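The structure appears right after this line, and notes come after that.
The values are calculated or read from the model by the stated rules, or taken from the named source; none is laboratory data. Since the structure is predicted, the reported quantities are computational estimates derived from the model, not experimental observations. So basically every Cβ, Gly included, is an ideal-geometry build from the backbone, and we count neighbours across all protein chains shown.
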Amino acid sequence: MLNHTFSEALDQAGSVDAIAALFLAEIQSLGYEGYDAYSVNATTLHKPRQAGNWVVASYGVDNVMGYIVQGLIPLCPVFAQAGTRATPFNYLDLLREHVGNPAAAWQLELLEAERITGAWWIPINAIGASKGVTVYLKGDAERVEVIAQATRDEVHLKSVYFFQALEKAGPTLPDGGDIYVDPLSTLSERERECLNWAAQGKTNLEIGLILGISANTVSFHFKNIFRRLEVHSRTQAVAAFTRTVET
């Protein structure tokens, strides 16, 4: 579909579902497998259910909601890139560069399970928010490269049209009032290690020597732990952690 025709069709689609179906059909005609699109205000990363935050994905949002409620959004490496890139880039490469990051590892595991071999992230420039569209490819490396090179500019423009149409339609996150997430499940593996050693009476310096990191880094991890567990002291954090371990 010609770009101007596609833009007009999006304007006439009306609902989020109709807009999403139209975009999916269009990118599949170009050789892509699926997509996701999101908008998250930078000030609500730790409370993603705030008004104005949303995710729309061709594969549904069940998996995405798990990612959101576990508090992985702020850890995602794409947020560090969102304000610095204006053109599409290989999202799989970025995730692989940060494989030790729990948010990146979560996404890589999901993409590998779905046999995704190519992913292009299209940033949508915005002040105070992270917005973008990611399109996914399957197949061998040669096929992925050929499609990406041949369609990159077109899928970029159509993704921008798609995003603008979604914003007008006003998508929202599914109601999650009945979802409970144990705050301890939001901790990274390294944060759990810090808590485990703290529970054994180790100081920041001792923990750092054990884990091969600096005492300042350990202190940084504990600040994140306090925020995630909504506690104000090391003693409270250790108490919450040990109660869970004992049960």
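Do the conditions hold for E142, that is, is it without any contact (Cβ under 8 Å) to a residue 60 or more places away in the chain and over 24 Å from R190 (Cβ atoms)? Yes, satisfied.
For every residue, the table says whether it meets (1) modelled with pLDDT of 85 or more; (2) basic (K, R); (3) surrounded by fewer than 19 Cβ atoms within 10 Å (Cβ to Cβ).
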{"residue": "F23", "(1), (2), (3)": "yes, no, no"}
{"residue": "E26", "(1), (2), (3)": "yes, no, no"}
{"residue": "L30", "(1), (2), (3)": "yes, no, yes"}
{"residue": "R49", "(1), (2), (3)": "no, yes, yes"}
{"residue": "S58", "(1), (2), (3)": "yes, no, yes"}
{"residue": "G66", "(1), (2), (3)": "no, no, yes"}
{"residue": "G71", "(1), (2), (3)": "no, no, no"}
{"residue": "P77", "(1), (2), (3)": "no, no, yes"}
{"residue": "G83", "(1), (2), (3)": "no, no, yes"}
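Okay, residues lined up against (1) at pLDDT 90 or above; (2) part of a helix (DSSP H, G or I); (3) in the same structural domain as Y35 (by TED's automatic domain parsing):
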position	(1), (2), (3)
V155	yes, yes, yes
F163	yes, yes, yes
P174	no, no, no
R190	no, yes, no
A198	yes, yes, no
I207	yes, yes, no
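The condition of being over 18 Å from the mean Cα position of the chain (by Cα) and modelled with pLDDT of 80 or more holds for only one of D11, D36, that being D11. Scanning region 106-143 for residues that are within 22 Å of the chain's Cα centre (by Cα) and part of a helix (DSSP H, G or I) returns W106, Q107, L108, E109, L110, L111, E112, A113.
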